[in-house]
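Accompanying notes for the structure given below.
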Amino acid sequence: MSAIEQLIDELDRSYEEAQERLSDPAVYNDRRRAAEAGRRLKELEGPKRLADAWRRAHEDLEAARSDPELASLADDLEAEVARLEEELRLALVERDPADAKDVIVEIRQGVGGDEAALWAADLYRMLTRYAERRGFRTETLSTSENEGGGVKEVVFAVKGEGAYSVFKYEGGTHRVQRVPETESQGRIHTSTATVAVVPEVEEIEVEIADKDLKIDVFRSTGPGGQSVNTTDSAVRITHLPTGIVVAMQDEKSQLQNKQKALRVLRARLYEAERARQQAELAAARRSQIGGGERAEKIRTYNFPENRVTDHRIKLTLHRLDQVLEGDLHELTEALQAEERRRALAAVSA
């Protein structure tokens with residue numbers, strides 16, 4: 001039996017086990033276990049279809065080789081079998097379990113004062129437009145504006161199948177080079193904004209004990225400290241075991257602000273645990289492109305040259321204007337292709 005046939009037999013066993021597990025009453029009646037079993041079965045459906053297609057193509061190839069009347073089809077069938085085998089190997093590369101999840105994106109101004117805040121606002125517009133192009137829904141959770149028309153910080157959710165698999169590449173430092181409107185000498189300034197992308201998780205995936213939370217309430221404020229609310233509706237939640245702090249003040253209801261803060265806290269805790277587990281893996285086994293760290297410069301946007309460069313894959317596009325309108329598809333595809341290449345190389349090794 002060839003290596004690919006052994007791989008397909010193992011896939012068949014895994015698929016049958018996933019089906020049996022999902023139909024097990026003990027699993028079905030447990031929300032967490034049922035969700036895990038459902039996700040596992042869904043992960044295997046794509047590879048299973050490819051495996052079935054490979055079997056059919058391989059049978060057709062064997063028939064063509066043994067029948068002189070069909071011999072002329074052999075070359076095309078060999079190419080089809082090889083293509084399906086490559087696709088199947090790629091499909092079986094271990095996926096990030098968070099890829100199918102919704103995401104929470106946090107954008108903060110970096111170096112550059114008011115210009116950095118304006119740049120953060122531009123990134124917010126770019127990423128929400130990209131989400132719309134991909135058919136995802138967005139929900140703004142929190143916005144902190146500055147007096148210059150930019151944003152000090154904005155937090156929003158992106159909802160849709162596979163949102164994390166698309167937006168995870170946006171995590172890091174985004175650098176802009178342009179002439180600010182307030183610059184009378186026409187000099188180019190460099191500013192930055194940081195983007196953090198974390199998977200959004202359900203309550204059953206990350207349980208938070210009430211005793212681990214310190215909840216403070218206070219009055220919401222607008223730009224420059226201007227009071228916008230006369231009631232204590234803003235909420236600050238501190239997770240005592242980790243020291244993670246999340247504050248929300250956009251809603252007029254204290255309960256709504258608390259619910260939003262808990263969503264963000266849950267996502268940050270999930271990502272912190274993922275980061276801890278990934279840190280334990282050998283660097284050679286990591287398939288992600290870049291670490292997504294906020295201090296890591298991932299991309300430069302140069303306005304005078306209408307150029308955007310992704311430093312992780314050394315890709316430069318001379319259509320910055322389109323990218324800023326949310327046309328990030330080419331960048332994402334290139335990053336995904338590089339991630340698959342690295343993962344496949346790690347498996348082969």
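Here, each number is a calculation from the coordinates, and none is a lab measurement. Please read these numbers as outputs of a predicted model, since none were measured by experiment. Here the Cβ positions follow ideal geometry from the backbone for every residue, glycine too, while neighbour counts run over all protein chains shown.
Worth a mention:
- Taking 303, 167 and counting other C-beta atoms within 10 Å, the order from fewest to most: 303, 167
- Its Kirkwood hydrodynamic radius, worked out from the mean inverse distance over all distinct Cα pairs, puts the stretch 3-91 at 14.7 Å.
- Estimated 222 nm signal from helices in the chain, with DSSP H stretches of n ≥ 4 weighted -39500 (n - 2.57), rounded to 500: -15000 deg cm²/dmol
- Cα centre as origin, Lys/Arg/Asp/Glu Cβ charges: the stretch 89-137 dipole, Debye: 300 debye
- Taking Cα centre as origin and charging only the Cβ of basic (Lys, Arg, +1) and acidic (Asp, Glu, -1) residues, the dipole magnitude of the chain rounds to 1640 debye.
- The listed peptides 150-161, 189-200, 317-328, ordered by packing as a protection proxy, come out as 189-200, 150-161, 317-328 (highest mean of other Cβ atoms within 10 Å first).
- Top positive-direction residue, dipole computed over the chain with Cβ charges, set 46, 217, 141: 217
- Within the straight-line cut-off of under 18 Å between alpha carbons, the lysines reachable from residue 211 are 258, sequence neighbours fewer than 8 places apart in one chain being disregarded.
- For residue 187, net neighbour charge (Lys/Arg +1, Asp/Glu -1) across residues whose Cβ lies under 13 Å away: -2
- Fully extended contour minus Cα-Cα distance, from residue 78 to residue 217, at 0.36 nm per residue: 43.3 nm
- Efficiency of FRET from Cβ geometry, residue 333 and residue 303, R₀ 30 Å, rounded to 0.05: 0.80
- Unit Cα scatterers, Debye sum, the chain: log10 I(q)/I(0) for q = 0.12 Å⁻¹: -1.01
- Measuring nothing but how far apart in sequence close Cα pairs (under 8 Å, 6+ apart) lie, relative to its length, the chain scores a relative contact order of 15 percent.
- Size of electric dipole in the stretch 3-91: Cβ of Lys, Arg +1 and of Asp, Glu -1, about Cα centre, debye, nearest 20: 840 debye
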